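S.K.: Got a structure for you, written out below as structure tokens; questions coming shortly.
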Amino acid sequence: MEDFTIIIPTLNERATITKLIGELRSLYPSARIIVSDDGSNDGTRETVRRIGRRDGKVLLLDRERREVHGLTASVLDALRLAKTEFVVVMDGDMQHPPEVVGSLAGQLAGGADVAVAYRAGVDGGWPLERRAMSKGAEILGASLLAIRGAPSCRDVLSGFFAARTTLFKEAVGKHPQRFELKGYKVLLDLLKTLPRRTVIAEVPYVFGLRRAGDSKIGPRHVAAFLRSLVR
């Protein structure tokens with residue numbers, strides 16, 4: 001895992017970030033971690049700074065003063081700092097199991113260009129409204145990729161994936177307009193830019209229950225997703 005950087009975009013994740021970093025460092029002591037924070041006001045940044053002072057492989061990227069805020073913007077800013085051969089993107093709320101990172105890494109080491117963790121189930125289930133919203137968005141995203149002749153997978157909206165760093169950086173450099181910086185579906189934006197021959201691997205996992213805090217999805221995120229579909 002010394003060839004991997006784990007990117008964690010955060011916004012008010014103080015309740016879970018210490019546990020997440022601790023589990024990642026225990027499982028993958030050679031990996032580097034970049035926490036890309038979008039202006040948390042709950043102590044997330046201070047918590048990560050303290051961890052970083054003790055552990056040189058944990059870096060805080062403080063985006064509070066950046067002009068554009070959004071999950072995708074946070075991931076891409078961290079990507080620019082990554083020096084390793086591979087990167088992993090995952091949420092900071094513990095809904096993405098840390099042990100699955102190793103499976104994603106194994107797929108890339110085995111030759112895949114992108115490895116996507118897809119939700120094979122949801123721990124405890126989702127309300128009908130949430131399931132319908134998620135399914136509708138998945139259909140729209142997959143349809144867009146099919147129309148564009150881009151590679152696809154079972155969960156094109158996954159926020160948990162890994163990629164070859166050079167491939168990811170080249171995609172952003174060549175097609176910056178395809179990435180909706182204020183959005184939160186960076187995998188979909190990446191897939192839009194890639195040729196169909198790109199090797200996509202998939203790893204199943206059970207989407208965990210939120211340990212703390214509330215979902216951040218609101219009207220502006222829906223609007224950003226719709227903008228992403230037409231970029």
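S.K.: So how far, in whole Å, is the C-alpha centre of region 106-123 from the one of region 51-69?
M.R.: 26
S.K.: Give the lysines whose C-alpha is closer than 17 Å to that of residue 57, dropping any in the same chain fewer than 8 places away, or say none.
M.R.: 19, 83
S.K.: How large is the convex hull of the Cα atoms of the chain per residue, expressed in Å³ as a whole number?
M.R.: 113
S.K.: Hey, can you grab everything whose amide H is under 5 Å from the amide H of residue 183? Only 5+ residues off in sequence or another chain; H modelled, so Pro and N-termini drop out.
M.R.: It is 72, 73, by chain and number.
S.K.: Tell me which residues come under 5 Å, amide H to amide H, from residue 160 once H is placed; ignore anything under 5 positions away on its chain.
M.R.: Those qualifying (amide H under 5 Å, at least 5 residues apart or on another chain) are 117.
S.K.: Check residue 201: other-chain or 5+ apart residues with amide H under 5 Å from its amide H, H built from backbone geometry?
M.R.: 113, 114, 115, 116
S.K.: Given labels modelled 7 Å from the Cα in the Cβ direction, how far is it in nm from residue 27 to residue 226?
M.R.: With each label placed 7 Å out from Cα toward Cβ, I get 3.7 nm.
S.K.: So what J values fall out for region 139-152 if you push phi through Karplus, 6.51 cos²θ - 1.76 cosθ + 1.60 with θ = phi - 60°, rounded to Hz, Gly and Pro as x?
M.R.: Values per residue, Gly and Pro as x: 5, 5, x, 5, 5, 4, 5, 5, 5, 7, x, 9, x, 9 Hz.
S.K.: Over the chain, what is the relative contact order in percent, taking alpha-carbon pairs closer than 8 angstrom and at least six residues apart?
M.R.: Contact order relative to length: 25 percent.
Coordinate-derived values only; no laboratory data. Small disclaimer: the values here were computed from a predicted structure and weren't measured. Ideal geometry is used to build each Cβ from the backbone, glycine not excepted, and the neighbour counts take in all protein chains shown.
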